[in-house]
Structure formats: structure tokens, C-alpha cells
Ligand code: 3PY
Ligand code: MG
């Protein structure tokens with residue numbers, strides 16, 4: 001088993017950002033900051049399929065496991081990023097056990113699933129297909145997102161699907177779907193997150209969540225959540241630039257005019 005999957009299954013504390021900037025330089029900068037993993041976001045950013053392979057390659061240079069959030073449930077998209085060498089997939093908007101099972105089928109080779117065999121980068125472009133086949137089911141991480149009212153209602157059945165490693169909570173979509181947005185919805189949203197986390201943990205799954213900042217990581221790790229997607233490269237860039245600009249303007253003085 002890969003160290004990354006083992007860490008996920010052990011419920012080790014893992015923290016990494018989404019990668020939304022479609023350039024290998026951004027991946028290298030991110031990787032050199034020392035995350036436990038990173039997740040290329042194909043769902044919500046404009047990254048082409050070909051570019052995804054280059055981004056995974058850049059993460060591999062720094063030995064940082066690169067997952068990819070695929071844009072939907074399509075078997076072809078899951079196969080494409082795994083063939084490109086992704087360490088795992090994050091499948092959004094999984095709302096039923098049937099959808100969770102389909103994600104397992106697309107991610108795992110037989111006898112667990114029905115992923116197709118191909119000469120992609122992951123299999124050394126065809127030269128090491130048997131080696132890759134021997135380890136892929138053991139090494140690849142499958143995370144599915146529970147982030148809808150239906151997903152919340154069906155969490156017990158979803159979490160029971162064998163082959164899923166991580167139940168990943170998307171608080172943004174969940175808050176919209178269950179009508180718990182903003183400060184007024186906080187109690188309702190927190191209750192829903194606790195329900196998902198407790199049920200998934202009791203079923204033996206690892207639980208992950210997106211957090212836009214590290215402020216409440218202690219609270220959620222006390223609830224048993226161990227896999228944290230922390231903001232994104234674009235969010236960190238914007239926030240740290242805004243804070244640097246504010247600090248410079250605060251400290252600077254107006255030059256005396258000649
Ligand atoms: C959400 O909050 O909806 C997400 O998908 C975050 O990853
Ligand atoms: Mg979402």
C-alpha cells in the first residue's frame with residue numbers, strides 16, 4: 001500500500017490545498033511549502049485534461065501525492081486522471097450508495113471494479129502495465145464528496161460502500177443544499193457535518209472536509225476528521241497579497257514632494 005493511502009486509512013492528520021492555477025510553477029511552489037498532498041481541482045477551475053498530466057508530473061518531482069477532483073461521476077474522467085498518474089481521485093456530489101459504488105467501479109481494477117487497462121503515464125506508458133496492475137487497487141485513494149441534502153439523508157448507505165476510503169464533506173455545497181447558509185445557518189450546517197462525520201467514522205471510513213482557513217481545524221479534528229483540504233493556491237495567493245499590500249501601505253509614509 002502507498003504511504004499516502006496508508007496515512008489516509010490510519011486517519012493520520014493530513015493537510016493539503018486545492019490546486020486551481022493551471023501551471024506547473026504553481027504546483028512546484030505549492031509542493032515546496034510542504035503539504036501532505038495536493039488536489040488538482042478539475043471540477044471548479046479551467047484546467048485541460050492534457051495540462052492535468054503536467055501538473056501531476058510537477059507534484060511527482062517533489063514527491064507530493066497529487067489527487068485530482070474530477071468534474072463529475074464519469075468513468076472516462078476518473079480513468080483519465082488515474083492513467084495520468086494521480087495518487088487518487090475526489091469525486092464530487094455523491095448522493096447515493098449507487099453513485100458511490102459507481103465511483104469504486106471506475107477507480108478500482110477487477111475483481112473490485114471495472115477500470116480499463118491502458119498504457120498511460122501511471123503504467124510507464126505501457127512498459128510496466130503488470131507492475132501497475134499489481135499495486136493500483138492497494139495504492140490509489142478514493143475520496144467521495146458528500147455535499148447534498150440527499151447525500152446527508154443517505155450517508156449510512158453511502159459510507160457502507162466497500163472500496164471508498166474517504167468521505168469528504170463539502171460545506172459550501174452542503175450549506176446551499178440544506179438551506180443553511182451564512183451565520184444564520186451555522187448551527188444547522190455544523191449538525192449536518194457532525195452527522196456525516198459520526199456515521200462515516202462509525203462505518204470505518206476516514207473523514208475529510210474543506211476548510212477555507214485553519215482557524216477551526218482543532219474543532220473538526222476533535223470530531224474525528226483527519227483529512228483537511230485547506231483553501232487553494234488561488235485563495236492563498238489572494239489572501240497573502242492582500243495582507244502584504246495592506247501592511248506595506250500601513251508602514252509606508254508619503255514621500256516628501258520635491
Ligand atoms: C464545497 O464546499 O462544496 C466543496 O466542494 C469544497 O471542496
Ligand atoms: Mg462542492
Selection count, region 27-43, where residues are surrounded by fewer than 19 Cβ atoms within 10 Å (Cβ to Cβ) and either farther than 29 Å from residue 220 by Cα or more than 12 Å from the chain's Cα centre (by Cα) (or both):
5
Somewhere in region 7-19, is a residue surrounded by fewer than 20 Cβ atoms within 10 Å (Cβ to Cβ) and farther than 20 Å from residue 144 by Cβ?
yes
Residue tally, condition assigned to a strand (DSSP E or B), closer than 15 Å to residue 168 by Cα and within 15 Å of ligand 1 (Cβ to nearest atom), over region 197-254:
10
Any idea how many residues of region 161-196 are within 14 Å of ligand 1 (Cβ to nearest atom) and touching a residue at least 60 places away in the same chain (Cβ under 8 Å)?
4
Residues (over 14 Å from residue 233 (Cβ atoms) and either within 14 Å of the chain's Cα centre (by Cα) or surrounded by 23 or more Cβ atoms within 10 Å (Cβ to Cβ) (or both)) located in region 55-66
56, 65
Residue, farthest from the chain's Cα centre (by Cα), within region 160-179, restricted to residues that are surrounded by fewer than 19 Cβ atoms within 10 Å (Cβ to Cβ) and more than 14 Å from ligand 2 (Cβ to nearest atom)
179
Region 31-43: number of residues that are closer than 29 Å to residue 201 by Cβ and touching a helix residue (DSSP H, G or I) at 6+ places or on another chain (Cβ under 8 Å)
5
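Read-outs throughout are calculated quantities, based only on the coordinates presented, and are distinct from any laboratory measurement. Note that the structure is predicted; figures quoted are calculated from it, not measured. Here Cβ is always computed from backbone atoms with ideal geometry, including for glycine, and neighbour counts include all displayed protein chains.
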